[in-house]
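Asks: Attaching a single structure in structure tokens format; questions to follow.
The values are calculated or read from the model by the stated rules, or taken from the named source; none is laboratory data. If you're wondering where the values come from, they're calculated on a predicted model, not measured in any experiment. With ideal geometry, Cβ positions are generated from the backbone for all residues, glycine too; neighbour counts draw on all protein chains shown.
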Amino acid sequence: MKTSEYTQEILKELQRTADQIVDTEVEKLVNGILEANKIFVAGAGRSGFMAKSFAMRMMHVGLDPYVVGETVTPNLEEGDIFIVGSGSGETQSLVSMAEKARSLRATVAAVTISPDSTIGRLADITIQIPAQAKSGEITGNHTIQPMGSLFEQSLLLLYDAVILRVMEKNNLTSQKMYGKHANLE
């Protein structure tokens, strides 16, 4: 298969997956973000990269996001939201964080393949991305891609869609966001 054909198949997989995401749960996440004092994001591996990308865009729209594990991340408190992206919903370090966030009475939001996972059950808001699990076990949409690629790509697209919804609710445009873009590059 040619590279362009692989690209087309990946786009079809992403469309099938996006079509199955429940908008009402995403809207709960958007509202939770807008109502939160501070926003914390976490993920492991490539899901963690997607979380960092999401935090960057939230900063661009004027929100107060933090990436768990960074040296400048403050303490999580009641009134904050903790958003965790985990395909399996069972990554032990993320489970521990979700448990801690719950004990501190923060809102916990999970974006996962497995809403019945430990993290999914701990969450106040659960968004299912019906992608294939890393193990290859068919739990969602079948993919030609390796490991968790479909989940991770869908996670990034979902996070970008959340940003667009925040922008819409706050009457923001991309032009207004450039004032928050890094200028020490």
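Asks: Somewhere in the range 41-60, is a residue β-branched (Val, Ile, Thr) and farther than 16 Å from LEU155 by Cα?
Replies: The answer is no; no qualifying residue exists.
Asks: Does the range 16-36 contain at least one residue that is touching a Ser or Thr at 6+ places or on another chain (Cβ under 6 Å), modelled with pLDDT under 95 and polar (S, T, N, Q)?
Replies: yes
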